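Beneath this line is the structure, given in structure tokens, with notes to follow.
The values are calculated or read from the model by the stated rules, or taken from the named source; none is laboratory data. What you see is a predicted model; the values in this text were computed from it and never measured. Please note that ligands, DNA and RNA were not included when accessible areas were found on the heavy atoms of the full protein model with its side chains. Shrake-Rupley method; radii C 1.70, N 1.55, O 1.52, S 1.80 Å.
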Amino acid sequence: MHTYLFIDGLDVVARSDSRMAGLDPRRLLRPGGPLYPTDMPCTVDAAAQEQPEPGPGRLAIRIRLRGETVIWSDLMYPGLDGRVIEEVRFHLEQYLGEVERAYAALKDQLVIPPSEPG
């Protein structure tokens, strides 16, 4: 299972390095997990090399919070116009809402219904 990180409709992981796959969403999306911004900047491994075989390559994103803005930096992927995107900014409330929505969807997929008496 992999996390897909889309910004403006673009898959950041695939556009950064097609050999990479997003790390397990249970690791990245959990409440208080690495994608949750804090006042102290941190570097988060978001993807690892999968092809041609698993390897040491990593895709790291620097995440920081400035007021009501979440900033992802240290990016290097081509935007729709072909220019390299190095930084993106998100409104805090919308960002946290998306992370929480994705985590809730993940939890719903992992729930195993009770077996019926038989």
Open item on the list: Given an 8 Å cut-off on Cα distances and at least 6 residues of separation, report the relative contact order of the chain as a percent.
Closed with: 20
Task: With DNA, RNA and ligands ignored, accessible area of Thr43 (1.4 Å probe; Å², nearest 10) - done: 90
- [ ] First compute the accessible area of segment 1-70 with a 1.4 Å probe, then give the percent of it belonging to carbon and sulfur atoms.
- [x] 49
Open item on the list: Rounded to the nearest 10 Å², what accessible area does Asp24 have for a 1.4 Å probe in the complete protein model?
Closed with: 50
Open item on the list: Taking the full set of protein chains and a 1.4 angstrom probe, give the accessible area of Ser18 in square angstrom, rounded to the nearest 10.
Closed with: 100
- [ ] Mind sorting out which of [x] 162; [y] 102; [z] 135 is the real volume of the Cα convex hull per residue in Å³ computed from the coordinates?
- [x] [z]
TODO: Give the accessible surface of the chain per residue, rounded to a whole number of Å², with probe radius 1.4 Å and ligands, DNA and RNA excluded.
DONE: 65
